[in-house]
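The values are calculated or read from the model by the stated rules, or taken from the named source; none is laboratory data. This is a predicted model, so every value here is computed, not measured. Glycine also receives a Cβ, built like all others from the backbone with ideal geometry; neighbour counts cover every protein chain displayed.
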Amino acid sequence: MATLEEKGQTVSAERLKDFLREMLLIRRFEEKVEERFRAGELPGFLHVAIGQEAVAVGVCRALEEGDVIASTHRAHGHTIAKGTHPNEVMAELYGKVEGCSHGYGGSMHLYDFERGNLGANAVVGGGLPGIVGAGLAFKMRGEPRVAVAFFGDGATNIGTFHEALNLAQLWTVPAIFVCEHNRYAESTPSTQHLPIEDMTKRAEAFGMVSMTVDGQDVEAVFDTAKKALRHARDGKGPVFIVADCVRLSGHYVGDPQVYRPKEEINELRKNRDPIELLRTRLELSDEEFGEMDGEATRIAEDSVEFAKKGTDPKPEDALKNVYA
Amino acid sequence: MPELTYREAVRDAMSEAMRRDDDVFIMGEDIAEMGGSMGVTQGMLDEFGPDRVRNTPISEMAIVGAGIGAAVAGMRPIVEVMYQDFMTLAMEQLVQQAAKHRYMSGGQTKVPLTIRTQGGAGWSPGAQHAQQVEAWFVHVPGIKVVFPSTPEDVRGLLWTSIYDDNPVVFFEHRTLYNLKNEVPEAIEGMELGKARIHREGEDVTVVATGRLVHEALSAAKEAEEDGISVEVVDPRTLLPLDEESIIGSVKKTNRCVVAHEAVVRMGFGAEIAALVQHQAFDYLDAPVERVGAKFAPIPFAPVMEEYVIPHAGDVLAAVKRTVGKE
């Protein structure tokens, strides 16, 4: 019997549960990250994707084998959703050899080349031109692969965004540009950094197909991404997706968010939490949800144990991977 | 042996690589029908077609960035940045992306990308088309920097750069494109990090790059008439640097002049001077002399341009200072 999904109508409940498990895993992982950072165990600074799990999961679950992504400074969710084990992500945050970038990258530079993660970028918009190039390589070699860039609304104001979209459209490159429109560029609200309300106009200026989706609805994200990927894979060119989403956390862990009304965060937590929305929609019993949640919590806790037992790089390893 | 101009030698390396290897392609502004602003890519569109000889918008960030992404995804792109002055527009992609992907990923990714660019003064293009910026890139861990001065070297070193698994910024000098010399029949890759001693001498070592190699050779001839024997060493690649050849030469001559077209201050010569004083201190009979442009943007009026950039006369004067014959 054909599933509803195969009929192009909706995603099956089983699959949605699978998405929920993944979103829960990212949520519990990120909460663990906040906790361990506050405990003073994690060096550097960190950006968690709490609230934006549905975009990472919806897009990455729509990808096919061989597709690649480039992520942002808020990279943990994308990386886990693209298939890197949470142990390897957490180990990277602890600066361990077992980390997905072997301790050379850190939270903002998570790579997993084998799993198609070409790297997270701490320069806002920095990864977009590279995604155009990866897509170009696929096109030139006739491979049915698509390259996907994640970025935020803040990135749409930087030159790389405009140059990358222009070139991608000009060369009908198989690329998807996923704008996680959480309405904050770090601390600056979009009212202070975007002169237009509808961001799809930016892509349409290049003649690019654009789509808008509720980024808190994982099924909608998945469906939209599938549509966009088909378009790109069929050689029809790139697609720009605006995923309207919410950042339920600060810009960085420890951000007091003085720039943001408390009521706004409370209201979003209450009404726009993608996990709660999906849980309600699936009409999960407390027991079933609790089971899923417990499993996610366990994996997140295990990742900390794994990371803490990891190997510190030798200081002089800093000079490895230096060729010039 | 066949003769090629510097321009033809560059084209020869690219074309041969593209004939042999489908992963190699070129992109840049005006490189297709027009054949490049310096005519370097002339005829390549006809031979390889628009898919592999890609005319781009004027969009340095995107061109360089797309080169990086294609390289990461397994191609060997050659990106032409029309003037090295325009590298400023692509600095983020070069310095933050190309130079760091392999490192930040803990060695997972490679970036086999060659960025060809050209420029330099001597023809009154004005301040925004004439600056030599090679030293900027030597300051960045993760980018190889090549600056050949002859047809043979430009061909051999470009070949190696294309097949290097890491990003290479490859400088060509505008005034050298018509320089014609014999080259070997077949392309031979030349190892990066090997200097060429263009002329042997006993009294003074001149370490020179790009156009200044030729100015140094003229100066050496004149110096010979004054009884000063000059050795001219061209590092050819600034990173990696053939320290051994430079130090070996200075230990022989006991004097060193460094000469490049870029401004003296913080120029590549400063690094050579530091290297020489550190590794050959006891051998030096005179302070290391530095020759380069005066500290000003490159002016337009030919008389001012001539005044600002260094010539053979400046090299000769520096050579004479080192032997006390001012």
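On the given criteria, is B:Ile197 touching a residue at least 24 places away in the same chain (Cβ under 8 Å), among the aliphatic types (A, V, I, L, M) and either outside any loop (DSSP other than H, G, I, E, B) or within 14 Å of chain A (Cβ to nearest Cβ) (or both)?
yes
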Filter the range A:124-163 down to the residues that are more than 19 Å from A:Ala225 (Cβ to Cβ), touching a residue at least 24 places away in the same chain (Cβ under 8 Å) and at the interface with chain B (Cβ under 7 Å from one of its Cβ atoms) and list them by number.
A:Gly126, A:Pro129, A:Gly130, A:Leu136, A:Gly159, A:Thr160, A:Glu163
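So which residues in the range B:17-60 are acidic (Asp, Glu) and within 21 Å of the chain's Cα centre (by Cα), if there are any at all?
Going through the range B:17-60, the residues acidic (Asp, Glu) turn out to be B:21-23, B:29-30, B:33, B:46-47, B:51, B:60.
Across the range B:17-60, the qualifying residues are B:Glu29, B:Glu60.
Which one is nearest to the other protein chains (Cβ to nearest Cβ) among residues in the range A:76-104 that are part of a loop (DSSP other than H, G, I, E, B) and within 19 Å of A:Arg27 (Cβ to Cβ)? Break it down into steps so the answer makes sense when it comes.
Residues of the range A:76-104 that are part of a loop (DSSP other than H, G, I, E, B), as a first pass: A:82-85, A:94-104.
This time we only want the ones that are within 19 Å of A:Arg27 (Cβ to Cβ), so: A:82-85.
Values: A:Lys82: 14, A:Gly83: 14, A:Thr84: 12, A:His85: 15 Å.
Once the filter is applied, the top-ranked residue is A:Thr84.
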Taking the residues in the range A:111-159 that are over 21 Å from B:Gly74 (Cβ atoms) and of a type in the set (A, V, I, L, M) as candidates, determine which candidate is farthest from the chain's Cα centre (by Cα).
A:Ile158
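State whether the residues of the range B:165-172 include one that is part of a loop (DSSP other than H, G, I, E, B), among the acidic types (Asp, Glu) and out of contact with any helix residue (DSSP H, G or I) (no Cβ under 9 Å at 6 or more places or on another chain). Let's see the steps before the verdict.
We begin by selecting, within the range B:165-172, every residue part of a loop (DSSP other than H, G, I, E, B); these are B:165-167.
Within this subset, residues satisfying the condition of being among the acidic types (Asp, Glu) are B:165.
Applying the additional criterion that residues be out of contact with any helix residue (DSSP H, G or I) (no Cβ under 9 Å at 6 or more places or on another chain) yields none.
So far as the range B:165-172 goes, no, none of its residues is part of a loop (DSSP other than H, G, I, E, B), among the acidic types (Asp, Glu) and out of contact with any helix residue (DSSP H, G or I) (no Cβ under 9 Å at 6 or more places or on another chain).
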Tell me, please, whether a residue that is out of contact with any helix residue (DSSP H, G or I) (no Cβ under 9 Å at 6 or more places or on another chain), buried (at least 19 other Cβ atoms within 10 Å of the Cβ), of a type in the set (Asp, Glu) and closer than 26 Å to B:Trp159 by Cα can be found in the range B:255-278.
no
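Condition check: under 15 Å from B:Ala208 (Cα atoms) and in a helix (DSSP H, G or I). Does B:Gly269 satisfy that? Step through it out loud before you land on a result.
Working: under 15 Å from B:Ala208 (Cα atoms): yes; in a helix (DSSP H, G or I): yes.
Judged against the criteria, B:Gly269 is a match.
Out of all the residues in the range B:110-127, which are under 22 Å from B:Ile26 (Cβ atoms) and either part of a loop (DSSP other than H, G, I, E, B) or at the interface with another protein chain (Cβ under 7 Å from one of its Cβ atoms) (or both)?
Taking the range B:110-127 and keeping what is under 22 Å from B:Ile26 (Cβ atoms), we get B:110-120.
Those that are under 22 Å from B:Ile26 (Cβ atoms) and either part of a loop (DSSP other than H, G, I, E, B) or at the interface with another protein chain (Cβ under 7 Å from one of its Cβ atoms) (or both): B:Lys110, B:Val111, B:Pro112, B:Leu113, B:Gly120.
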For the range A:175-205, which positions are crowded, with 24+ Cβ neighbours inside 10 Å and over 19 Å from the mean Cα position of the chain (by Cα)?
A:Ala203
Hits in the range B:76-89 (condition: within 12 Å of chain A (Cβ to nearest Cβ) and surrounded by fewer than 24 Cβ atoms within 10 Å (Cβ to Cβ)):
B:Arg76, B:Leu89
Condition (residue is within 12 Å of another protein chain (Cβ to nearest Cβ) and either among the aliphatic types (A, V, I, L, M) or touching a residue at least 12 places away in the same chain (Cβ under 8 Å) (or both)) applied to the range B:7-17: is it met by at least one residue?
no
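Mind listing whichever residues of the range A:271-324 are among the β-branched types (Val, Ile, Thr) and within 14 Å of chain B (Cβ to nearest Cβ)? Full working, then the answer.
Of the range A:271-324, the ones among the β-branched types (Val, Ile, Thr) are A:275, A:280, A:297, A:299, A:304, A:311, A:322.
Once the filter is applied, which keeps residues that are among the β-branched types (Val, Ile, Thr) and within 14 Å of chain B (Cβ to nearest Cβ), the range A:271-324 yields A:Thr311, A:Val322.
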Hey, A:Met208 at pLDDT below 95 and on the phi < 0 side of the Ramachandran plot or not:
no
Within the range B:90-99, how many residues are surrounded by fewer than 20 Cβ atoms within 10 Å (Cβ to Cβ) and at the interface with chain A (Cβ under 9 Å from one of its Cβ atoms)?
2
Members of the range A:186-228 that are touching an Asp or Glu at 6+ places or on another chain (Cβ under 9 Å), of a type in the set (Ser, Thr, Tyr) and under 23 Å from A:Tyr259 (Cα atoms):
A:Ser187, A:Ser190
All-but-one check, A:Tyr323 against (1) under 30 Å from B:Val111 (Cβ atoms); (2) modelled with pLDDT of 95 or more, failing number (2)
Whether any residue in the range B:44-63 is at the interface with chain A (Cβ under 10 Å from one of its Cβ atoms) and within 21 Å of A:Ile69 (Cβ to Cβ) is what I want to check.
yes
Among the residues of the range A:105-148, write down those that are touching a strand residue (DSSP E or B) at 6+ places or on another chain (Cβ under 7 Å), farther than 21 Å from B:Thr56 by Cα and not in a loop (DSSP other than H, G, I, E, B).
A:Asn117, A:Leu118, A:Gly119, A:Ala120, A:Val148
The range B:108-143, subset farther than 19 Å from B:Glu92 by Cβ and aliphatic (A, V, I, L, M), residue surrounded by the fewest Cβ atoms within 10 Å (Cβ to Cβ)
B:Ala127
Of all residues in the range A:72-106 being in contact (Cβ under 8 Å) with a residue 60 or more places away in the chain and among the aliphatic types (A, V, I, L, M), which is nearest to A:Gly40 (Cα to Cα)?
A:Leu93
Odd one out for B:Val232 among (1) within 14 Å of chain A (Cβ to nearest Cβ); (2) buried (at least 24 other Cβ atoms within 10 Å of the Cβ)
(1)
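Here's the yes/no breakdown for (1) among the basic types (Lys, Arg); (2) farther than 25 Å from A:Glu264 by Cβ; (3) within 12 Å of another protein chain (Cβ to nearest Cβ):
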{"residue": "A:Leu25", "(1), (2), (3)": "no, yes, no"}
{"residue": "A:Gly58", "(1), (2), (3)": "no, no, no"}
{"residue": "A:Arg74", "(1), (2), (3)": "yes, no, no"}
{"residue": "A:Phe113", "(1), (2), (3)": "no, yes, yes"}
In the range B:286-326, which residues are without any contact (Cβ under 8 Å) to a residue 40 or more places away in the chain and either assigned to a helix (DSSP H, G or I) or over 15 Å from B:Val258 (Cα atoms) (or both)?
B:Phe295, B:Ala296, B:Val303, B:Met304, B:Glu306, B:Tyr307, B:Ala317, B:Arg321, B:Gly324, B:Glu326
Among the residues in the range A:23-32, are any surrounded by fewer than 21 Cβ atoms within 10 Å (Cβ to Cβ), at pLDDT 95 or above and part of a loop (DSSP other than H, G, I, E, B)?
no
Being modelled with pLDDT of 95 or more and under 26 Å from A:Met23 (Cβ atoms), is that true of even one residue in the range A:135-143?
no
